[in-house]
Structure formats: C-alpha cells, structure tokens
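Participant: Right, I'll just put the structure down here and ask away after.
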Amino acid sequence: LSDGLKALDIKKQSGRPCGLTLKQKCQLKDYICAHAVKEEGGRLIGEDIRKYIYDTFGVQYKLNNVYRLMCELNLSWITSRSKHPKQSIEAQKDFKKFPL
C-alpha cells in the first residue's frame, strides 16, 4: 500500500502468459501495419489477424484476445474508409468539377 499506483505496475499479472514471444509480437505488429488497408479494397479484420497468428506461429487465439493483443501493441482499430476496387480517382475529380 505504501508504494501506491507504481506497485501495481511492478506487480506480476496473474493468469495465463502470452503465447507469443516479443519477437513474434514485433513481427505481428509489422504485418498488421503493412496489411491494414488492402490495395484491392477492404480492410484487415480481426479474423484475418487470428488466422495469421495461427498459420505463422501455431498459437490459437480467440477473437477478443486478438483485440487485447493489438491494444498491448499500441494499435488502434480505427482505420480510414476502405477504397472500392473499381474506384476511379479521375471520375471523382470530374464529379467535383460538375456545376450544381
């Protein structure tokens, strides 16, 4: 009690330890950052990340723990709007020039 909140930071967490090593977590973070927005449209979703963890590292995660792991890696699940695969930048520019 005498150490206050700092003692809580030092206290070892109870429960099951993480199934991924620090190196694996870094690799996972790099993967998520590189694939967050797909060129062909759409986004990376939690299920994609769960499958990647299992296929690459052989560790089974539940979906809610994937999001907890992302929080631990300082990743937010907020992304920009995805691009439609048939999106045309030129058509958008022409539309903006159209007089109303």
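The values are calculated or read from the model by the stated rules, or taken from the named source; none is laboratory data. Computed from a predicted model, the values in this text were never measured in an experiment. When we count neighbours, we look across all protein chains shown, and the Cβ atoms used for this are built from the backbone with ideal geometry, even at glycine. For the accessible areas, the whole protein counts, side chains as well, though only heavy atoms, and no ligand, DNA or RNA atoms are used. Shrake-Rupley method; radii C 1.70, N 1.55, O 1.52, S 1.80 Å.
Participant: If you take the residues in region 4-40 that are of a type in the set (Asp, Glu) and at pLDDT below 70, which one is least open to solvent (accessible area, probe 1.4 Å)?
Facilitator: Initial filter on region 4-40 (of a type in the set (Asp, Glu)): 9, 30, 39-40.
Imposing the further condition that a residue be at pLDDT below 70 reduces the set to 9, 39-40.
Working: Asp9: 133, Glu39: 174, Glu40: 117 Å².
Taking the candidates together, the pick is Glu40.
Participant: Continuing with this model, one more query. Pull out all pairs, ordered by first then second residue, where Cβ-Cβ is under 9 Å, the residues are six or more apart or on different chains, the first lies in region 47-65 and is farther than 17 Å from Asp30 by Cα, and the second is acidic (Asp, Glu) and open to solvent by 60 Å² or more (accessible area, probe 1.4 Å).
Facilitator: Listed pairs, sorted by first residue: Leu63/Glu47.
Participant: Can you confirm whether Val66 is on the phi < 0 side of the Ramachandran plot, aliphatic (A, V, I, L, M), assigned to a helix (DSSP H, G or I) and at pLDDT 85 or above? Reasoning before the result, please.
Facilitator: Numbers: on the phi < 0 side of the Ramachandran plot: yes; aliphatic (A, V, I, L, M): yes; assigned to a helix (DSSP H, G or I): yes; at pLDDT 85 or above: yes.
Spelling it out, Val66 is indeed on the phi < 0 side of the Ramachandran plot, aliphatic (A, V, I, L, M), assigned to a helix (DSSP H, G or I) and at pLDDT 85 or above.
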